[in-house]
Amino acid sequence: MAANPTDPRLKTHHLSGQLRGLHACSVSYDCRIVFARRKHPKTGAEVLVLLNLGSHEEVY
């Protein structure tokens, strides 16, 4: 995920509703990571901020 958050194996997607502006990806069949993509304030590099990890029911 750190090397390529858009790797097709992760099934990364944009979220909507109350989680609009965030992204999620699949770790396994029923394990998801909800994260934000931000720019580092000094370097401008993309930073992934992990916000939640758990089952589909837990994170959504």
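Failed condition for Lys42, given (1) within 17 Å of Met1 (Cβ to Cβ); (2) in a loop (DSSP other than H, G, I, E, B); (3) of a type in the set (Lys, Arg), with all others met?
(1)
Would you say Val34 is touching a residue at least 24 places away in the same chain (Cβ under 8 Å), surrounded by 10 or more Cβ atoms within 10 Å (Cβ to Cβ), of a type in the set (A, V, I, L, M) and out of contact with any Lys or Arg (no Cβ under 6 Å at 6 or more places or on another chain)?
In short, yes.
Identify, please: which residue in segment 1-14 is part of a loop (DSSP other than H, G, I, E, B) and free of Cβ contacts under 8 Å to residues at least 40 places away in the same chain and is, among those, nearest to the chain's Cα centre (by Cα)? Even if it seems obvious, please write down each step before you answer.
Here is the first cut: in segment 1-14, the residues part of a loop (DSSP other than H, G, I, E, B) are 1-7, 11-12.
Next, from what is left, pick out any that are free of Cβ contacts under 8 Å to residues at least 40 places away in the same chain: 3-4, 6-7, 11-12.
Working: Ala3: 13, Asn4: 11, Thr6: 10, Asp7: 12, Lys11: 10, Thr12: 7 Å.
By that ranking, first place goes to Thr12.
Counting just the residues of segment 15-31 that are surrounded by 11 or more Cβ atoms within 10 Å (Cβ to Cβ) and either assigned to a loop (DSSP other than H, G, I, E, B) or at pLDDT below 95 (or both), which one comes out farthest from the chain's Cα centre (by Cα)?
Of everything passing the filter in segment 15-31, Asp30 is farthest from the chain's Cα centre (by Cα).
The values are calculated or read from the model by the stated rules, or taken from the named source; none is laboratory data. Model, not experiment: these values are computed from the prediction. Quick reminder, even Gly has a Cβ in these numbers, built from the backbone with ideal geometry, and neighbours come from all protein chains shown.
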